[in-house]
Amino acid sequence: MPPAPGARSIASGGRVLILTLTLITLTSSLLATDPGPGSIAPPTLIMVNDLDYDNGESLTISWVPSLDDVPGQSEVVAYRILRSSGGGQEATIGTVLAGESTFVDQSVNRDSAYVYRVATIAANGGEGYSLPTDAVVPNREWLNWDLVWLFLACLVLGGSVVFFIETARRGKKLFVRKIAGLEAIDEAIGRATEMGRPILYIPGIQDMDEVETLASLTILGKVSRQIADYDTQLFMPVARSLVMTAGRETIKTSYLEAGRADAFNEDMVRYITDEQFGYVAAVDGYMVRERPATIFLLGAFFGESLVLAEMGNSVGAIQIAGTARPPQIPFFVAACDYTLIGEELFAASAYLSGEPRQLGSLKGQDVGKGIAMAVILIGVAAATIAELTGSGFFAGVVSTLQNVFTTR
Amino acid sequence: MRREVPLLITFITGVVFALSYFIPGGWLGQTERVFGDWITIVQAFAVWLGVLNLLKISLIKIQRKEHDWGYSVVIAVCLVGTIAAGMYSGFAPQFESFRDPETPFNFIFRNIFAPLGATMFAILAFYVASASYRAFRARNREATILLIASFFVMGGRVPLLDSIFMPIIDGTFFADFAGWIMSYPVTAGQRAIAIGIALGIMASSLRVILGIERSHIGGGN
C-alpha cells in the first residue's frame, strides 16, 4: 500500500531517527560497556523505538542478549530494565527472563524524554550494565496510516449506503431479490399455530455487543409481532442477561403494537446460563419435552450449532437458521429447512420491514459487492498475465492491490 | 424522550467506537476505553439479573408444583450450592483464592461441571454423522457434487485413498487433491461469504447508528 504523501514524510523522518539512534547506540555499546560486579557481559545494541500509531503511551526497548546468555548452559538468569527521565534518579521498571530481548514500557508519558539501560543478572548475583541510550520521546500519531485505505473504503461504502437510503426516501422503487428463508417465516409460524405447539426462538449465545445478536433481535421484533397476531406460544431461552432484558422489551413492544398486551408474559424470555453446553443441555431438554413446531436459530453460534439444529430436526420442527459464522453455516444447511447465509441475516430486518429507507441500505451494500467483484477480477487477471508474461507492470498491480486490501 | 435518549446514546457511542479504530490517540481513544469499562461494569451487574430471574422462575415452579418441577429443584439446589461453595472458597482463611485446587468450588468445577460440559460436546460427534448422512444424499445436482467432493476430501485426509491406490498411483495424489479442494473452491466460497458478511455488518451498523433500525430498543417511530 503506498502511503499518503503526509505519511511518507512522517515515515521517512521516523526511519532517519531510528537509524541515527541505532548507529549512536551501536557505536556506544560496542566501544564501551560497564561490566559491573561479577564480570558478566552486558547486553549490547540497546534500541528504543516509539510504537507506531499509538497515543504516545509506549516505547519498545530491544537489545542483543549478553554473550554469556547461552541457551541451555546460561549463567544469565534475567535482564533488568532501568529508566531515568529528566535527569532524575534511575529506577528499575521491569525484568524479563534470560533469552528474551525485548521489553515494552507502557508507563511512559507523552512529551517526556526517557533514557534506558539494560542490566544482565547472573546466577551468582553478578550484574553487567549496558551504557545508557539517548533520550527518546514517545510520540502520538493522530491517524493510523496502516488503516487509511480501509478508512477510505468505509467512507465510500458508508456514503453509498446513505445515498441509497436518501434515494429510497424520495420514493424511488428498489428491487430486492426474494430470500427463501424469510419468505418461509409466515409458513413456519402458521404451522405452529395449526399444530397448537410452541415456537422456539434461539438468539445465539453472544451478548448485546455482538452485531449478530442485534440483527437477531431486530428479526425477533418482526417475528413476535406476527406470533402475537396468531396468538401462538413463544419461548426464547437466552445465554446472556442483557439479551434477556432486550428480548423482553422487543417482544413486549410487538405485543403492544398487535393490541395483545394481555398475552405478553415476561417468562417468554428466560435466562438459562452463560455456559455454552449448559445452555445447549437446557434448550435440547426443552425441545424433547415440549416438541416445538417451529424453531428459529438466528444469531451468533459456535460448536453448539449442530447439537441444537440436529435436536430440532429430530423432534420434527420446521427450522429457520441464520448466522454470520462461516464454519457453522454448513451445519445449519445440513440440519435446517432454511438457512440465512451470512449477509442475509443482516438484511432480514430491512427485508421484513419493507420500509424504503431500510431497503435503501441493502442497495448500498450492493455497491460494496460491485467494487469487491471488480477488484477481484482485476487482481486475478493481473496475476494471471504477470505469471504468463513475467510483466513487471502487472506484478506491480497485484502487489499494489494486495497492499491496499491488507490490514496490518 | 424514551426513544430519543437511547438513539442519541447509540449514535454517540457508535461514532466514537468507529472513529477510535482509525484515530487511536487523544480524547477519542480515552473515551473509547471509558465506554469499554462501562460495558464491562454493566455486563457484570447484569449477570445478577439473569441469576435472580432463573431462581425466581424455578422457585415459583416448585411452589406451584408445575409440570416437571423436579428439574427446577435440581436447578435451584445446584445454583445456591455452587454460589455457597464459591463464597466459602473465596472467603475461608485456609484458601488463598477460590481457584485453589483444594477448594469445594474447584471440586465442583473439576468433577461435575467440566465432565458434564465435555459430555454435551461429545454428543456433537454423533450429530455430525447424522447430519452428514442427510447432507450427502444425492438428491439433486448440488448434493451430488457435495457427495463427490466430500468423498475425496475425507478419503484424502485420512489418508485412506492413497493407501488403497498405492499400487496404481504412487505418492500422495489424493491427499494433494483434498488439499486443493480445501484451499481453492472451499476458500473462495468462504471468502465470498465473508465479504458479504463484512458489508452486511457495515450496513446493519449504519442503520443502527443512524437510528433507522430501532427494533433492539423496542422499535417504534
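The values are calculated or read from the model by the stated rules, or taken from the named source; none is laboratory data. If you're wondering where the values come from, they're calculated on a predicted model, not measured in any experiment. As a convention, Cβ positions derive from the backbone with ideal geometry for all residues, glycine included, and neighbour counts pool all protein chains shown. Heads up: the accessible areas ignore ligands, DNA and RNA and are worked out on the full protein's heavy atoms, side chains in. Shrake-Rupley method; radii C 1.70, N 1.55, O 1.52, S 1.80 Å.
Which residue is nearest to B:Ser204 (Cα to Cα), if the candidates are limited to segment A:187-212 and must be assigned to a helix (DSSP H, G or I) and under 15 Å from the mean Cα position of the chain (by Cα)?
Result: A:Val211.
With the structure loaded, tell me whether A:Phe332 is under 18 Å from A:Val238 (Cα atoms) and either of a type outside the set (D, E, K, R) or assigned by TED's automatic domain parsing to the domain that holds A:Ile189 (or both) or whether it fails that test.
no
Okay, residues lined up against (1) more than 10 Å from chain B (Cβ to nearest Cβ); (2) open to solvent by less than 10 Å² (accessible area, probe 1.4 Å); (3) among the small types (Gly, Ala, Ser):
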| site | (1), (2), (3) |
| --- | --- |
| A:Arg291 | yes, no, no |
| A:Phe296 | yes, yes, no |
| A:Gly322 | yes, yes, yes |
| A:Ala334 | no, no, yes |
| A:Ala350 | no, yes, yes |
| A:Gln358 | no, yes, no |
| A:Ile376 | no, no, no |
| A:Ala383 | yes, no, yes |
| A:Ala386 | yes, no, yes |
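Can you name the residue in segment A:357-408 that is part of a loop (DSSP other than H, G, I, E, B) and in contact with a helix residue (DSSP H, G or I) (Cβ under 8 Å, 6 or more places away or on another chain) and is also farthest from A:Leu51 (Cα to Cα) among such residues?
A:Ser391
Sort out which residues of segment A:234-285 are open to solvent by less than 30 Å² (accessible area, probe 1.4 Å), closer than 17 Å to A:Ser305 by Cα and in contact (Cβ under 8 Å) with a residue 40 or more places away in the chain, and write them in order of number.
Scanning segment A:234-285 gives A:Pro237, A:Ala239, A:Tyr279, A:Val283.
Test B:Ile169 against the criterion of being assigned to a loop (DSSP other than H, G, I, E, B) and over 26 Å from A:Phe301 (Cβ atoms), and give yes or no.
Judged against the criteria, B:Ile169 is a match.
Being in contact with an Asp or Glu (Cβ under 8 Å, 6 or more places away or on another chain) and closer than 24 Å to A:Ser241 by Cβ is the requirement here; does B:Val47 meet it?
Judged against the criteria, B:Val47 is a match.
Does A:Ala188 qualify as being open to solvent by less than 10 Å² (accessible area, probe 1.4 Å) and touching a strand residue (DSSP E or B) at 6+ places or on another chain (Cβ under 9 Å)?
Considered against the rule, which asks whether it is open to solvent by less than 10 Å² (accessible area, probe 1.4 Å) and touching a strand residue (DSSP E or B) at 6+ places or on another chain (Cβ under 9 Å), A:Ala188 comes out as yes.
Could we say that B:Ile181 is surrounded by 14 or more Cβ atoms within 10 Å (Cβ to Cβ) and more than 10 Å from chain A (Cβ to nearest Cβ) here?
So B:Ile181 passes the test.
Go through A:Gly86, A:Gly94 for me and flag whichever is loosely packed, with under 14 Cβ neighbours inside 10 Å, more than 14 Å from A:Val48 (Cα to Cα) and assigned by TED's automatic domain parsing to the domain that holds A:Asn55.
A:Gly86
Considering (1) open to solvent by less than 50 Å² (accessible area, probe 1.4 Å); (2) within 19 Å of A:Ala348 (Cα to Cα); (3) outside any helix (DSSP H, G or I), say which one A:Phe175 fails and leave the rest.
So A:Phe175 meets the others, but not (1).
Table: residues versus (1) within 11 Å of another protein chain (Cβ to nearest Cβ); (2) not basic (Lys, Arg).
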residue	(1), (2)
A:Gln89	no, yes
A:Val96	no, yes
A:Asp111	no, yes
A:Ile165	yes, yes
A:Arg170	no, no
A:Ala192	no, yes
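Taking segment B:115-151 as the search range and keeping residues that are basic (Lys, Arg) and open to solvent by 100 Å² or more (accessible area, probe 1.4 Å), which one is modelled with the lowest pLDDT?
B:Arg139
Six or more apart or on different chains, Cβ atoms under 6 Å: show the pairs whose first residue is in segment A:339-354 and among the β-branched types (Val, Ile, Thr) and whose second is buried (at least 24 other Cβ atoms within 10 Å of the Cβ).
So the pair list comes out as A:Thr339/A:Ala321; A:Thr339/A:Phe332.
Here are B:Ile193, B:Ile169, B:Ile212: which of them is open to solvent by less than 70 Å² (accessible area, probe 1.4 Å) and at pLDDT 90 or above?
B:Ile193 is the lone residue from the list that is open to solvent by less than 70 Å² (accessible area, probe 1.4 Å) and at pLDDT 90 or above.
State which residue is surrounded by the most Cβ atoms within 10 Å (Cβ to Cβ) when the search covers only segment A:57-73 and only residues that are of a type in the set (A, V, I, L, M, F, W, C) and in contact with a Pro (Cβ under 7 Å, 6 or more places away or on another chain).
A:Trp63
So if I check each of A:Val137, A:Val108, A:Val115, which one is open to solvent by 60 Å² or more (accessible area, probe 1.4 Å) and at negative phi?
A:Val137
When the residues of segment B:79-101 are filtered to those that are closer than 16 Å to B:Val47 by Cα and open to solvent by 70 Å² or more (accessible area, probe 1.4 Å), which remaining residue is nearest to the chain's Cα centre (by Cα)?
Filtering segment B:79-101 for residues that are closer than 16 Å to B:Val47 by Cα and open to solvent by 70 Å² or more (accessible area, probe 1.4 Å), the one nearest to the chain's Cα centre (by Cα) comes out as B:Ile83.
If I ask for residues that are in a helix (DSSP H, G or I), within 20 Å of the chain's Cα centre (by Cα) and modelled with pLDDT of 90 or more, which ones from segment A:328-343 would you list?
A:Gln328, A:Ile329
Just one of (1) facing another protein chain (nearest Cβ under 10 Å); (2) in a helix (DSSP H, G or I) trips up B:Gly14, so point out which.
Of the numbered conditions (1) facing another protein chain (nearest Cβ under 10 Å); (2) in a helix (DSSP H, G or I), the odd one out for B:Gly14 is (1).
Based on what the data block shows, is A:Phe151 open to solvent by 10 Å² or more (accessible area, probe 1.4 Å) and either part of a helix (DSSP H, G or I) or within 10 Å of chain B (Cβ to nearest Cβ) (or both)?
Answer is yes for this residue.
List the pairs whose first member sits in segment B:41-53 and is of a type outside the set (S, T, N, Q), whose second member is open to solvent by 50 Å² or more (accessible area, probe 1.4 Å) and in a helix (DSSP H, G or I), and whose Cβ atoms are under 8 Å apart, counting only residues at least 6 apart or on separate chains?
B:Ala46/A:Thr245; B:Leu49/A:Thr245
Before we move on, is A:Phe405 farther than 30 Å from A:Thr167 by Cα and open to solvent by 30 Å² or more (accessible area, probe 1.4 Å)?
For A:Phe405, the condition - farther than 30 Å from A:Thr167 by Cα and open to solvent by 30 Å² or more (accessible area, probe 1.4 Å) - is not met.
Going through segment B:58-77 one residue at a time, which ones are at pLDDT 90 or above and within 17 Å of A:Met268 (Cα to Cα)?
Within segment B:58-77, B:Ser58, B:Leu59, B:Ile60, B:Lys61, B:Ser72 meet the criteria.
Kindly evaluate B:Ala76 against the criterion of being in a helix (DSSP H, G or I) and either more than 12 Å from every other protein chain (Cβ to nearest Cβ) or loosely packed, with under 12 Cβ neighbours inside 10 Å (or both).
Here the answer is yes, as B:Ala76 does meet what is asked.
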